[in-house]
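To keep things clear, I will list the structure first and then write my remarks on it.
None of the figures in this text is laboratory data; all of them are computed from the coordinates on show. Model, not experiment: these values are computed from the prediction. Cβ placement follows ideal geometry from the backbone for every residue including glycine, while neighbour counts extend to all protein chains displayed.
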């Protein structure tokens, strides 16, 4: 009798597990992002965009309710790792998303993937997972880090610009952006400067730029560093002779309100901007502004697209995301209306997307915005996809 | 490096130094005279910048913004001193560091709750936003010259107040020997409160003057605080004159270190300089304590 009871209980237990993917069970999403410190605005952007994307799909993913587990990685890999472990082991998340910084992503992705969790990046796009370390359960909805810089090099070649001065903070992403730029830019770099991360004053570097007399400056300074640099560059009066060029993160809506007029006339290479010309983007920008009272950046649009991708893929397989093989296939071929318009996953699960030139101008309310100009690159593929041998499962 | 570029970089160094001096002067007074380590000095700098940015957005006036920033920082400083910090004057330095570090965290989070995580804007009046030629072919931002001038004026005024007035005498007496000064009839608590308020106002002024050049955001005070601490220690704790020359030295060394050395070495230049100077002058360049 005892044995029968145990067997019965075991059978019951097995039963509960095997029907785990019922429609009323929530999809558990771990949203690990940066909500404190200098990068806090970025995490909030992605989260706000993601929530708006969830609203668009009726608050559901593949017809199932969503349980969102939110945690702050403080932009630190060790903190991110602890939080991710908690989400994976205690909360039993199905999908991990939200990570902003690539160094955090490199720390959290592997343990999550090893535990069978899907990592769907709404921002960080490290080269490692685009190349040799590419993984069947790792997707980047956003971009590969180098791509915007590569597109800017392509644009400056087409414009016949020959002499560029390049600057970035002295840390891995800074070096990636300049490396990406050098990969495509055919002219001469009359200066290549890596400054201390978090540097406040750029007067000395700006004096060097003036002395080198370039035709333009390629720069990547995220967050407050960019605000400092752009304001000081503008005050030095160099913008007319040597315009500023950068990937979109250098001059997007996370920093533009603080830069003000100093940013006017700067150019960037963008995969999305607030003036993107398609109906879904116009609706998104209007909805976002109505709800959060600010103009969205591409961080927010990536958050939005991430929610849409997850919903579209889950819907295609009737919400049964526990079937990992099917969910992976569904993600690879997900049909959704991206804010970017042209979007699909490459064989390494990173985006194939278009890049446009944008110029910073004033909108009718006098606020600086990224105005879309000409197309730079169609169906841009990242530089690492050939190194990726994607495993079957 | 051509001569004109060298002179421009020298001016950049001096200008950075003057900005650091504004921040360090308040710190060195409080540290030197009250023997109190106030890490929250950076928060007062942030408070000045935020108050100025908000006042400018509300009124459109740069002058009103400066007034609002100085008043806000001084008020916050006095409230902090009265409510919390004065209880820590007699405690150990470690307790002071812990308490003021906690205040940094609390003020940062409070600011984030009120103003959000995105940086604010502080723009310049049109007259100051351009540049003027300082050498043939070398335009220099007008505003940086204004900051330079403002810093020199503040340094001069502080020097006069400390060296030529009765209150300055009390302050110097307190810096040299607190107990004796007190027994000679100096009302130490009042002097301390006034001094703390002045230090806070100076930090606020530094924040306001930096706001059009730097990003006005949560946590903006901490990187500057570190440099200001270096200046304070290098100059000799409690010495205004020391803080002034140490700030200029740090500004110039940092500027040329960034230009002439590799990034890793350039960011160490200040700290190597500090180590060398402290090896020979452990109490700083202009030590005040006996």
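Going by average Cβ neighbours within 10 Å, how do the peptides B:270-277, B:244-251 rank, with the highest at the top?
Values: B:270-277: 15.0, B:244-251: 25.1.
Top to bottom by mean Cβ count within 10 Å: B:244-251, B:270-277.
Report, to the nearest 10°, how far helix A:172-184 tilts away from the longest principal axis of the Cα atoms in chain A, using its own Cα long axis and a range of 0 to 90°.
Computed tilt is about 70 degrees.
What relative contact order, as a whole-number percentage, does region B:3-280 give when Cα pairs under 8 Å and 6 or more residues apart are counted?
Values: 411 pairs, mean separation 111.4, N = 278.
It comes to 40 percent, rounded to a whole number.
Gaussian network model of chain B, Cα springs within a sub-10 Å range: biggest mean-square fluctuation belongs to which of B:87, B:172, B:112?
Its mean-square fluctuation being the largest, the pick is B:87.
How far is the Cα center of region B:202-275 from the Cα center of region A:188-247, in Å?
Cα centres, region B:202-275 to region A:188-247: 20 Å.
Select from A:121, A:57, A:268 the residue whose mean-square fluctuation is largest in a Gaussian network model of chain A (Cα-Cα springs shorter than 10 Å).
Of A:121, A:57, A:268, the most mobile in the Gaussian network model is A:57.
How would you rank B:177-183, B:27-33, A:236-242, highest first, on the average number of other Cβ atoms within 10 Å across their residues?
Values: B:177-183: 13.6, B:27-33: 26.9, A:236-242: 16.0.
Going from most to least packed, we get B:27-33, A:236-242, B:177-183.
Quote the FRET efficiency, to the nearest 0.05, computed for residue B:106 versus residue B:5 with a Förster distance R0 of 56 Å and r equal to the Cβ-Cβ distance.
Details: r = 45 Å, r/R0 = 0.80.
That gives a FRET efficiency of 0.80.
Determine the relative contact order of chain A: mean sequence separation of Cα pairs under 8 Å and six or more apart, normalised by residue count, in whole percent. Walk me through the numbers before you get to the answer.
Working: 832 pairs, mean separation 75.1, N = 393.
Relative CO of chain A lands at 19 percent.
Expressed as a rounded percentage, what relative contact order does region A:253-393 have, with Cα pairs under 8 Å and six or more residues apart?
It comes to 30 percent, rounded to a whole number.
From other protein chains only, count the Cβ atoms within 10 Å of every residue's Cβ in B:209-220, then give the mean. All intermediate terms of the calculation are to be shown ahead of the outcome.
Values: counts 0, 3, 1, 5, 9, 9, 14, 3, 8, 6, 6, 4.
Partner-chain Cβ atoms within 10 Å, mean over residues of B:209-220: 6.
For helix A:102-114, report the angle its Cα long axis makes with the longest principal axis of the Cα atoms of chain A; keep it between 0 and 90° and round to the nearest 10°.
Roughly 20 degrees, rounded to the nearest 10.
When DSSP assigns beta bridges and you keep just the ones with both residues in region A:17-95, what percent turn out antiparallel, to the nearest 5? Don't skip to the end; give the middle numbers.
On the way: 2 of 10 bridges.
So the antiparallel bridges in region A:17-95 amount to around 20 percent.
For n ≥ 4 DSSP H runs only, could you compute -39500 (n - 2.57) per run for the protein assembly as shown, divide by its residues and tell me the 222 nm figure to the nearest 500? Walk me through the intermediate numbers first.
Values: 24 runs with 372 residues, N = 683.
Theoretical 222 nm ellipticity from helices: -18000 deg cm²/dmol.
As an exercise, use a Förster radius of 56 Å and the Cβ-Cβ distance of residue B:153 and residue A:387 to find the FRET efficiency, rounded to the nearest 0.05.
Numbers: r = 60 Å, r/R0 = 1.07.
So the FRET efficiency works out to roughly 0.40.
How tilted is helix A:147-159 with respect to the longest principal axis of chain A? Cα atoms for both, answer in degrees (0 to 90, nearest 10).
Roughly 30 degrees between the two axes.
If you restrict to DSSP beta bridges whose two residues both lie in the protein assembly as shown, what percentage is antiparallel, to the nearest 5? List each step's numbers first, then the result.
Working: 22 of 53 bridges.
Just about 40 percent of them are antiparallel.
What is the mean number of Cβ atoms from other protein chains located within 10 Å of the Cβ atom of each residue in peptide A:191-202, rounded to a whole number? Working shown, then result.
Values: counts 0, 0, 3, 4, 4, 9, 2, 4, 6, 10, 15, 3.
Mean shielding count: 5.
Gap in Å between the Cα centre of region A:80-119 and the Cα centre of region B:151-198?
Between the Cα centre of region B:151-198 and that of region A:80-119, the gap is 56 Å.
With r as the distance between the Cβ atoms of residue B:222 and residue B:61 and R0 = 30 Å, compute the FRET efficiency 1/(1 + (r/R0)^6) and round to 0.05. Don't jump to the answer; show the numbers that get you there.
Values: r = 29 Å, r/R0 = 0.97.
Given R0 = 30 Å and the Cβ-Cβ separation, E is 0.55.
Quickly rank B:140-150, B:54-64 as a protection proxy: mean count of other C-beta atoms within 10 Å, highest first.
Values: B:140-150: 19.1, B:54-64: 15.5.
Packing order, densest peptide first, comes out as B:140-150, B:54-64.
If you build a Gaussian network model of chain B, linking Cα atoms that sit under 10 Å apart, which residue out of B:152, B:278, B:265 swings the most?
In the Gaussian network model the winner is B:265.
Determine the percent antiparallel among the DSSP beta bridges restricted to chain A, to the nearest 5. Please list the in-between numbers first.
On the way: 17 of 48 bridges.
So the antiparallel bridges in chain A amount to around 35 percent.
Let me know the mean shielding of A:247-260 by other chains, meaning the per-residue number of their Cβ atoms within 10 Å of its Cβ. Please list the in-between numbers first.
Numbers: counts 0, 0, 0, 0, 0, 0, 1, 3, 4, 2, 4, 10, 4, 5.
The shielding value for this peptide is 2.
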